[in-house]
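Novice: Next up is a structure, given as structure tokens.
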Amino acid sequence: MEETFLLSQESIKELITIKDVVEICEQTFIGFGEGTTINPAKVGLDLGEQSSFPSYQGFMNAMPAYVGWLDTAGIKWAGGLLGERQKRGLPFITSLIMLINPEIGNFTAVLDGAHITNLRTGSQTSITLKYLKKDSKSISLGLYGAGAQGRTQTMAIAENFKIKELFVYDIHPEAAEAFKEEMSEYVEGDIHAVSDPKEVAQANVIVAVTQAKEPFIKKEWIQPGTIIFPLGSYQEVEDDLILGADNIIVDHVEQCLHRGALKKLSDTNQFTADDIKGTVGDLVVGKISEIKNDDITIALLIGTGALDIAVAQVVYERAVKKGIGSSFSFV
């Protein structure tokens, strides 16, 4: 039995760029559209994010997938925790990715998944935008959340668009100011660290990467032609904005109906799968009918393991070629 490659976060940073991840994720979304990417809905473990027991203020998700264009399979075991983890100064995201050879089942690699998670979360937004705004090379960007994922969102979007102006809001104003200083190289125009969340809605693309437990993006803020990305498993947009949107795009139908912004509406039968315009996979292979320039579109990208598995596979192959990392025999 072959040994399993082990790769740290620092090694992964040497082997992959945001540009690479955007390209890998786009190819994997094509696989979704063509049916060669297999991705069950993620399974969640509540460790006190919403439940009273255990009280660790966090969650973990199990995210298996098979990626046909790379002929690889694996699972990401990932989540986020506050509480004691935050007190120790550790990042919110914690993650490992395990890859297997899908033909014989041996484990080929175990990798840190936090850096890959951050890069692919930005990349999925960038790719979706690329196909929603085919006739545009520039955007104005509004961002809720100035942390690590806010940064990788900006970096990835800048791979496909000129960002002519950026409005950033964070509940911690110092985080927004730090973002403004650090991200200027990715934005052609000005970055505005705003104190009122309504000001973010001046942009024609709005991305929310927050841990908000209550919806705060209001329908009356949103102008025609706006594309909104409430990312992850939280509900950041109000129900009437969702119900009034012209188009709802998702990365995974089953997952999005039971997590994040659509969960409450789905649970109360106010929103069903029939109300979804299509998936990102449908979008990139041309299966979605035209979206008008003045439509309000909400793209709900909860996150799919297939993107992480694809990136991890490319990282693993590069590590083997360059002799980076270590190996271990589990058997």
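Novice: Does Tyr316 fit the bill of being crowded, with 19+ Cβ neighbours inside 10 Å and within 30 Å of Leu6 (Cβ to Cβ)?
Specialist: yes
Novice: Looking at Leu119, Leu143, which is the one that is crowded, with 22+ Cβ neighbours inside 10 Å, outside any helix (DSSP H, G or I), touching a residue at least 60 places away in the same chain (Cβ under 8 Å) and within 21 Å of the chain's Cα centre (by Cα)?
Specialist: One residue alone meets the criteria, Leu143.
Novice: Right, something else. Could you check region 18-35 and list, in sequence order, the residues that are in contact (Cβ under 8 Å) with a residue 60 or more places away in the chain and either among the polar types (S, T, N, Q) or within 24 Å of Leu257 (Cβ to Cβ) (or both)?
Specialist: If the condition is that a residue be in contact (Cβ under 8 Å) with a residue 60 or more places away in the chain and either among the polar types (S, T, N, Q) or within 24 Å of Leu257 (Cβ to Cβ) (or both), then Cys25, Gln27, Thr28, Phe29, Ile30, Gly31, Phe32, Gly33, Glu34 are the ones that fit.
Novice: Which residues, taken from region 86-105, are closer than 19 Å to Gly58 by Cβ and surrounded by 18 or more Cβ atoms within 10 Å (Cβ to Cβ)?
Specialist: Residues satisfying the conditions are Ile93, Thr94, Ser95, Ile97.
Novice: May I pose another question? Between a first residue in region 314-326 that is farther than 21 Å from Val67 by Cα and a second residue that is basic (Lys, Arg) and surrounded by 14 or more Cβ atoms within 10 Å (Cβ to Cβ), which pairs have beta carbons less than 9 Å apart while being 6 or more apart in sequence or on different chains?
Specialist: Ile324/Arg318
Novice: Would you be able to tell me the number of residues in region 167-211 that are surrounded by fewer than 17 Cβ atoms within 10 Å (Cβ to Cβ), under 27 Å from Lys264 (Cα atoms) and of a type outside the set (Asp, Glu)?
Specialist: Of the residues in region 167-211, 3 are surrounded by fewer than 17 Cβ atoms within 10 Å (Cβ to Cβ), under 27 Å from Lys264 (Cα atoms) and of a type outside the set (Asp, Glu).
Novice: Counting only residues that are surrounded by fewer than 18 Cβ atoms within 10 Å (Cβ to Cβ) and over 26 Å from Phe59 (Cα atoms), how many does region 239-248 have? It would help to see each step written out before you state the result.
Specialist: Step one: list which residues in region 239-248 are surrounded by fewer than 18 Cβ atoms within 10 Å (Cβ to Cβ), which gives 239-240, 243-244, 246.
Next, from what is left, pick out any that are over 26 Å from Phe59 (Cα atoms): 240, 243-244, 246.
The total comes to 4.
Novice: Okay, moving on. List the residue pairs whose Cβ atoms are under 7 Å apart, where the first residue sits in region 36-61 and is in contact (Cβ under 8 Å) with a residue 12 or more places away in the chain, the second is surrounded by fewer than 18 Cβ atoms within 10 Å (Cβ to Cβ) and among the β-branched types (Val, Ile, Thr), and the two are 6 or more positions apart or on different chains.
Specialist: Sorted first by the residue in region 36-61, then by its partner, the pairs are Asn61/Val43.
Novice: Right, next: Could you list, in sequence order, all residues of region 249-271 that are buried (at least 23 other Cβ atoms within 10 Å of the Cβ), charged (D, E, K, R) and outside any loop (DSSP other than H, G, I, E, B)?
Specialist: none
Novice: Among the residues of region 227-256, which ones are under 14 Å from Thr304 (Cα atoms) and free of Cβ contacts under 8 Å to residues at least 60 places away in the same chain?
Specialist: Hits for region 227-256 are Val250, Val253, Cys256.
Novice: Those residues that are over 23 Å from Lys133 (Cα atoms) and either in a loop (DSSP other than H, G, I, E, B) or in contact with a strand residue (DSSP E or B) (Cβ under 6 Å, 6 or more places away or on another chain) (or both), I need them from region 185-207; list them, please.
Specialist: His192, Ala193, Val194, Ser195, Asp196, Pro197
Novice: Condition check: under 20 Å from Ile116 (Cα atoms), in a helix (DSSP H, G or I) and in contact with a helix residue (DSSP H, G or I) (Cβ under 8 Å, 6 or more places away or on another chain). Does Phe32 satisfy that?
Specialist: yes
Here, each number is a calculation from the coordinates, and none is a lab measurement. Model, not experiment: these values are computed from the prediction. Note: ideal-geometry Cβ built from the backbone for every residue, glycine included; neighbour counts use all protein chains shown.
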